[in-house]
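Participant: Following this message is one structure expressed as structure tokens.
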Amino acid sequence: MKPNKIRNFLITILVLSAPEIVTAGNPDDFRLNSVTGNSQFILSHAKGKFVALHFLLKTECPHCLRHTQEYFEKAETLPNVVQVFIKPDSEKEIEAWSKNLPAEDLAAFPIFRDPEAKLADQFNIPGGYAFHNQIVHYPALILIGPEGKEVFRYIGKDNSDRFSFGQLAAKVREFTQ
């Protein structure tokens with residue numbers, strides 16, 4: 001077998017064997033497992049609330065840490081929004097990255113794993129961003145409305161281009177007025 005065929009075969013096996021994301025009967029429903037706790041996030045269980053999906057970069061990104069900390073600090077001011085922080089890194093990489101975040105915050109806001117960035121792909125978040133010698137998806141925020149459908153998206157242009165908490169609060173107010 002040629003090296004490219006072997007590589008493609010191995011990639012296919014890895015993608016098919018990743019159990020962390022399960023698509024339910026509703027194609028818009030999905031499940032993510034937490035790396036920093038024993039919880040799962042299931043979209044259909046959040047019906048009736050807004051869900052902010054924070055797609056973080058697959059690297060040791062200081063901007064991701066600052067972004068996440070800002071949301072941790074202010075999240076309680078938006079009780080009608082479930083904050084979901086998602087990284088495509090390995091469990092070991094996410095555990096190491098999350099050690100820079102307060103344990104009490106991680107208990108309230110676990111970091112979920114998106115193996116091979118499958119969920120990012122399902123949400124059509126563009127890839128191809130070169131960062132820390134890796135090709136990754138762009139940082140993004142997807143806002144799911146109370147009915148379980150996407151109502152807003154923000155795709156960053158680079159690792160420091162993020163949708164701030166203040167912008168999210170304004171956007172949620174816009175949808176609830």
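Bear in mind these aren't lab numbers, they're just calculated from the coordinates by the rules spelled out. Being a predicted model, the structure only gives us computed values, none of them experimental. Cβ atoms come from the backbone with ideal geometry, glycine included; neighbour counts cover every protein chain shown.
Participant: Hand me the list of strands (runs of 3 or more DSSP E) wholly inside the stretch 119-170 holding 1 or more residues that are surrounded by fewer than 19 Cβ atoms within 10 Å (Cβ to Cβ). Working first, answer last.
Facilitator: Details: elements: 129-131, 134-136, 140-144, 150-155.
Counting at least 1 such residues, we get 129-131, 134-136, 150-155.
Participant: Based on what the data block shows, is Thr77 surrounded by fewer than 18 Cβ atoms within 10 Å (Cβ to Cβ) and among the hydroxyl-bearing types (Ser, Thr, Tyr)?
Facilitator: Working: surrounded by fewer than 18 Cβ atoms within 10 Å (Cβ to Cβ): yes; among the hydroxyl-bearing types (Ser, Thr, Tyr): yes.
Against the criterion (surrounded by fewer than 18 Cβ atoms within 10 Å (Cβ to Cβ) and among the hydroxyl-bearing types (Ser, Thr, Tyr)), Thr77 qualifies.
Participant: I need every pair where a residue in the stretch 105-127 that is farther than 17 Å from Ser39 by Cβ has its Cβ under 8 Å from the Cβ of a residue that is in a strand (DSSP E or B) and of a type in the set (Asp, Glu), sequence separation at least 6 or different chains.
Facilitator: Phe123/Glu150
Participant: Among the numbered criteria (1) among the polar types (S, T, N, Q); (2) surrounded by 15 or more Cβ atoms within 10 Å (Cβ to Cβ); (3) closer than 20 Å to Leu32 by Cβ, which one does Ser90 miss?
Facilitator: Of (1) among the polar types (S, T, N, Q); (2) surrounded by 15 or more Cβ atoms within 10 Å (Cβ to Cβ); (3) closer than 20 Å to Leu32 by Cβ, only one is false for Ser90: (2).
Participant: Quickly run through the stretch 93-116 and pick out the residues that are surrounded by 17 or more Cβ atoms within 10 Å (Cβ to Cβ) and among the aliphatic types (A, V, I, L, M).
Facilitator: Ile94, Leu101, Leu106, Ile111, listed by residue number.
Participant: Looking at the stretch 150-177, I want the residues that are closer than 23 Å to Asp29 by Cβ and have a partner that is surrounded by fewer than 17 Cβ atoms within 10 Å (Cβ to Cβ) and β-branched (Val, Ile, Thr) with Cβ atoms under 7 Å, at least 6 apart or on another chain. Which pairs are those?
Facilitator: Between residues of the stretch 150-177 that are closer than 23 Å to Asp29 by Cβ and residues that are surrounded by fewer than 17 Cβ atoms within 10 Å (Cβ to Cβ) and β-branched (Val, Ile, Thr), the close pairs are Phe175/Val151.
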